[in-house]
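To start, the structure itself, in structure tokens.
Values in this text are rule-based calculations from the coordinates and carry no lab data. What you see is a predicted model; the values in this text were computed from it and never measured. No Cβ is skipped: glycine too gets one built from the backbone with ideal geometry, and neighbour counts run over all protein chains shown.
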Amino acid sequence: MQILDGKLAAIAIKEMLKNKISELKISGKKIPHLAAILIGNNPASETYVASKVKSCNEVGITSTLLRFDDSIPEQDLLHSIRELNDNDDIDGILVQLPLPKSISEEKVINTISSEKDVDGFHPINVGKMVLELPTFISATPYGIILLLQHYKIETTGRYVVVIGRSNIVGTPISILLSRNTAYGNSTVTLCHSRTKNLKEICLQADIVIAAIGKPKFVTADMVKEDAVVIDVGINRIKDETKKSGYALTGDVDFENVAPKCSYISPVPGGVGLMTIAALLMNTYNACKQKH
Ligand code: GUN
């Protein structure tokens, strides 16, 4: 069994981007610039955004963090996004989710220029992804693909079972892996809460992708010998032995599933770390497309 180490894979991608960005600098070309918007002070969002900004710095991407109070009127936020859309120096824009209840996520996503939507959430970019046109693929599915590519895991002709049909993970990864691309060509089944015989379906899978949001949902009896298991879950469970009072656990019962696998991604230390690498790739590509 080999661990799919998101930290190592992310370091390799960051190193590659760092070299590409220093080449841009040397040749006097535009350096990618990401604008991140953080509203309120949700601790998880604070951590995510801080780590996105830090990673930008590490590879030489310029970043600007705009912080707004929870009480910001929706119109003011949309106005700031439009200003960023019109600012030629900004290549990528992300608005950290979730948003306060008073603000429409749909309006925010639709207001970001699709050419700067490095989160890949804009309906135009989702549509392009479905049509196999060049676009920004959102961070988690892109991170999964980068992780599979880093470990040279073949997807062509393999049977993939995705559990969970969310807009940001299950649905896009099932589409991407079924496409006729270097990282696709799999036969994919997308399972969800209404799926019957989930265990029997999972037992057929060469690759299982767990994105349900339920701790330790995938158990050893659901996974065949030598399967590849990708765990996308990030669940906080109470753990009094930890200083923070909680521990992070994935959607897979790692301890019991891992011995059966050929490869497995851990939580933490797996896909989560790849999402930032994916965001950096999108920001670099957003800049390259324009300049
Ligand atoms: N909140 C949780 N994941 C994400 C993400 O990928 N992008 C943004 N903008 N917010 C998030």
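Rounded to the nearest 20, the size of the Cβ-charge dipole of segment 29-172 about its Cα centre is 540 debye, with Lys and Arg at +1 and Asp and Glu at -1. Its Cα gyration tensor gives the chain an equivalent ellipsoid; the semi-axes, largest first and in whole Å, are 32, 22, 19.
Pairs over the 23 Å Cα-Cα cut-off, from the set Lys152/Lys224; Lys25/Lys54; Lys29/Lys152; Lys25/Lys290: Lys29/Lys152. Past 18 Å, Cα to Cα: identify those pairs from Lys52/Lys116; Lys116/Lys288; Lys7/Lys243; Lys14/Lys288, in the order given. Exceeds cut-off: Lys7/Lys243. For segment 139-272, the dipole from Cβ point charges (+1 on Lys and Arg, -1 on Asp and Glu) about the Cα centre works out to 400 debye, to the nearest 20. The long axis of helix 74-86 is offset from the longest Cα principal axis of the chain by roughly 80 degrees. Charge dipole (Cα centre; +1 on Lys/Arg Cβ, -1 on Asp/Glu Cβ; no other charges) of the chain amounts to roughly 320 debye. Shape class of segment 157-291 from the alpha-carbon gyration tensor: oblate, with a/c at 1.5 or above and b/c at least as large as a/b. Relative to the dominant Cα principal axis of the chain, helix 271-290 is inclined by about 40°.
Once C-alpha pairs closer than 8 Å and six or more residues apart are averaged by separation and normalised to the residue number of the chain, the relative contact order reads 22 percent.
Note on Lys242: lysines with a C-alpha under 20 Å away, same-chain residues under 8 apart excluded, are Lys216. Relative to the longest principal axis of the Cα atoms of the chain, the long axis of helix 43-59 lies at roughly 70 degrees.
Under the rule a/c < 1.5 gives rounded, and otherwise a/b versus b/c splits prolate from oblate, where does segment 28-114 land using the Cα gyration tensor? It is oblate, given that a/c is not under 1.5 and a/b is not larger than b/c. Within the shell of other residues whose beta carbon sits under 13 angstrom from the beta carbon of Ser265, the net charge comes to -2, with Lys and Arg scored +1 and Asp and Glu -1. Each peptide among 181-191, 143-153 gets the average number of other Cβ atoms lying within 10 Å of its residues, and from highest to lowest they stand as 143-153, 181-191. The packing ranking, built from the mean of other Cβ atoms within 10 Å per residue, places the peptides 45-51, 12-18, 83-89, 223-229 in the order 223-229, 12-18, 45-51, 83-89, highest first.
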